[in-house]
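Each value in this text was obtained by applying a stated rule to the coordinates, not by laboratory testing. No experiment lies behind these values; they were computed from the predicted model shown. Neighbour counts are summed over all protein chains in view; Cβ atoms, including those assigned to glycine, are modelled from backbone coordinates with ideal geometry.
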Amino acid sequence: MFVSQQAITHVNLIRHGETDWNVERRYQGTSDIPLNGKGRRQAALLGESMRGESWDVMYSSPSQRAFDTAKAVAAGLGMPEDDIIKDAAFMERGYGVAEGLMAAEREAKWPEGNWPGLETWEAAAARSMTSLHRAVKENSGKRILIVCHGGIINAMLATISHGEIGTGKTVIDNTSRTTIDIDGDTWTIGEVNNTDHLQALVGAD
C-alpha cells in the first residue's frame, strides 16, 4: 500500500523493437535475441520522437533487445546511457524449453500446454509488479520510463485493470508506448499501444 502522494507519478511502458524471432513468431522469453534491422529503425524513430520530452528515470530489462531500445530512447532524450537502470524483474516471461520454437512446434511436443521451465503468468506479473511498485515508491511524483517486453506489459496491465485489458486481450506492438498515472493508491491506465512514431515505416518494408 502506498503512502498518499502529493503529485501524480507518470509511468510510460515501452516494448522493445522487433527481432527476427518476433517475425518468425518464435517463443522468445528470456532468450537474449537482438534487434533486427527493422527493430533498430523502430528504436531510432522512437528516440527521435521523444526529443524534448522530460523524464526523470529510466528502467530497462537487461535483455539486449530491450536495453538497446532503451539506449535509443536515452539518445533521443539526451540522457546518459549509464543512467539506465537494468532490472531483471522486467525481463520477459520465461518459456523454458519452448523458447526458440514456434507455436505449432510447441503444441506438437506439449499439446497439454504445460512444459518444462514455463513461468506462470501469475509469477511473471508478480515480479514485474513488485518492481513497478518499487520504482513508483522511489520516484514518487516523477516521470518514469520502463523499457521491457510485450508479455510483461500485458501482465502489468491485466493486474492493474483487474483483467479488463492486458494478457490475452491487448496487443502490444514493438516500440509501442503505454501510459499509467499513479495518484496515491489510484492507478489509471491512459493510452495503450501508441505507435505514432512508426508512421515513417508504413509501406517501407
*³J(HN,Hα), Karplus 6.51/-1.76/1.60, whole Hz, each residue of segment 153-169, x for Gly, Pro*: 4, 5, 5, 5, 4, 5, 5, 5, 8, 6, x, 5, 9, x, 3, x, 10
_Taking 79, 129 and counting other C-beta atoms within 10 Å, the order from fewest to most_ = 129, 79
*Build a GNM of the chain with springs between Cα atoms under 10 Å: which of 14, 152, 180 gets the top mean-square fluctuation?*
180
*asked:* Could you tell me how far the Cα centroid of segment 1-76 sits from the Cα centroid of segment 87-164, in Å?
replied: 15
_3J(HN,Hα) from dihedral phi, segment 28-33, Karplus parametrisation 6.51/-1.76/1.60, rounded to Hz, x for glycine, proline_ = 9, x, 8, 4, 8, 8
*residue 175's amide H: which non-local residues (gap 5+, or another chain) put their own amide H closer than 5 Å, with H modeled 1.01 Å from N in plane and none for Pro or chain starts?*
15, 16, 17
*Positive minus negative residues near residue 61 (Lys, Arg vs Asp, Glu; Cβ under 12 Å)*: +1
*Any idea what the relative contact order of the chain is, in percent, if you count C-alpha pairs under 8 Å spaced at least 6 apart?*
33
*Which of 147, 73 comes first, and how do the rest follow, when ranked by fewest Cβ neighbours within 10 Å?*
73, 147
*Starting from the amide H of residue 118, placed 1.01 Å from N in the peptide plane, find each other amide H under 5 Å away whose residue is 5 or more places distant or on another chain.*
97
_Only Lys, Arg (+1) and Asp, Glu (-1) charged, at Cβ; segment 162-201 dipole about Cα centre in debye_ = 220
_Max mean-square fluctuation residue, GNM over the chain, Cα-Cα springs under 10 Å, options 149, 162, 16_ = 162
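Nearest 500 deg cm²/dmol is fine: what mean residue ellipticity at 222 nm does the chain get from its DSSP H runs of n ≥ 4 alone, each adding -39,500 (n - 2.57), divided by its residue count? Let's see the in-between values first.
Numbers: 6 runs with 68 residues, N = 205.
Roughly -10000 deg cm²/dmol at 222 nm, from the helical runs in the chain.
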*Assigning unit charges at the beta carbon (Lys, Arg +1; Asp, Glu -1) and nothing else, what dipole magnitude in debye, to the nearest 20, does the chain show about its Cα centre?*
100
*asked:* Net charge around residue 7, counting only other residues with Cβ within less than 10 Å of its Cβ (Lys, Arg = +1; Asp, Glu = -1)?
replied: 0
_Karplus (6.51, -1.76, 1.60) ³J(HN,Hα), θ = phi - 60°, over segment 48-63, in Hz, Gly and Pro reported as x_ = 5, 5, 9, 4, x, 6, 10, 10, 8, 8, 10, 10, 8, 4, x, 4
*Considering only DSSP beta bridges with both partners in the chain, what is the antiparallel share in %, to the nearest 5?*
55
*Could you put 195, 69 in order, starting from the residue whose Cβ has the fewest other Cβ atoms within 10 Å?*
195, 69
*In the Gaussian network model of the chain, springs joining C-alpha atoms below 10 Å, which of 41, 25, 143 carries the largest mean-square fluctuation?*
25
